[in-house]
Amino acid sequence: MRLAVLSGASAGGMTAAITAAALCEPFQPIRQAPAGNLTNRLYRSWVGRIDIEALLGDRDLAGGAKVQSILDSTRINEIAAEAVQVSATGAGIPGGSRFNPESSS
């Protein structure tokens, strides 16, 4: 299978970015709630790490920042930054990275 584009708006854009990062590593589907280490990036981001309490905080207003949203997006930014980190070498993937820019057209 070859994907030319992944896109989305808001949470869909974040999901597209996380999916693109997940394609660079072995991917374990989630069939029931796991115990312990969450290796599936999508599950970890949207189930394991998100919590309404963090969204109701005010860390985004530190240092006198202007209000931009009713919810504090600091936690979303942290989750996104962690979720899209990938190894440039494709370490841990049999055969190396699944992304080959030479074969893209």
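The values are calculated or read from the model by the stated rules, or taken from the named source; none is laboratory data. Bear in mind that the values here come from a model prediction, so they are computed numbers and not experimental data. Quick reminder, even Gly has a Cβ in these numbers, built from the backbone with ideal geometry, and neighbours come from all protein chains shown.
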Hits in segment 40-67 - residues which are in a helix (DSSP H, G or I), farther than 20 Å from Leu23 by Cβ and not aliphatic (A, V, I, L, M): Glu53, Arg59, Asp60, Gly63, Gly64
Of all residues in segment 72-92 being at pLDDT below 85 and surrounded by 15 or more Cβ atoms within 10 Å (Cβ to Cβ), which is nearest to the chain's Cα centre (by Cα)? Val86
When residues of segment 15-71 are limited to those that are of a type in the set (D, E, K, R) and more than 18 Å from the chain's Cα centre (by Cα), the one surrounded by the most Cβ atoms within 10 Å (Cβ to Cβ): Asp60
Looking only at residues in segment 1-48 that are touching a residue at least 40 places away in the same chain (Cβ under 8 Å) and among the small types (Gly, Ala, Ser), which one is farthest from Ile79 (Cα to Cα)? Ala20
